Amino acid sequence: MSYIERFAEKVSPTMIKFFTKPMIILLVTTPLALVAVGPFGIFLNDLVASGAAIIDGKASWADPDVNGRAATVPGDHRHRVGDDTYRYRPVEQKRL
């Protein structure tokens, strides 16, 4: 990323650097992310899905426990609850 930023710094004209530098960085890093990181994410997803299928096939009773613990590690356990659970109505303030 620092190489791309240095390249964008060199290529961008001084007058419009605030616009061209981020645009060049995005134009270079977006295809790079889609081509390089995307397939790795798919591979990782398939690996986790295979592991979950093996656990479900061998010991289906342990599947909820393992998935619950695995979801807690990255912080995904907070998103298992419905969206409306934490939406409260604002308290109406009365004027005196």
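The values are calculated or read from the model by the stated rules, or taken from the named source; none is laboratory data. These figures come from a predicted structure and were not determined experimentally. Neighbour counts run over all protein chains shown; Cβ positions are idealised from the backbone, glycine included.
Which pairs have Cβ atoms under 8 Å, sit 6 or more apart or on different chains, and link a residue in the stretch 22-41 that is surrounded by 10 or more Cβ atoms within 10 Å (Cβ to Cβ) to one that is of a type in the set (D, E, K, R)?
ILE25/GLU5
Results for (1) within 21 Å of the chain's Cα centre (by Cα); (2) modelled with pLDDT under 80; (3) outside any helix (DSSP H, G or I), shown as yes or no for each residue.
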residue	(1), (2), (3)
ALA8	no, no, no
PHE19	no, no, no
PHE40	yes, no, no
ASP65	no, no, no
ARG95	no, yes, yes
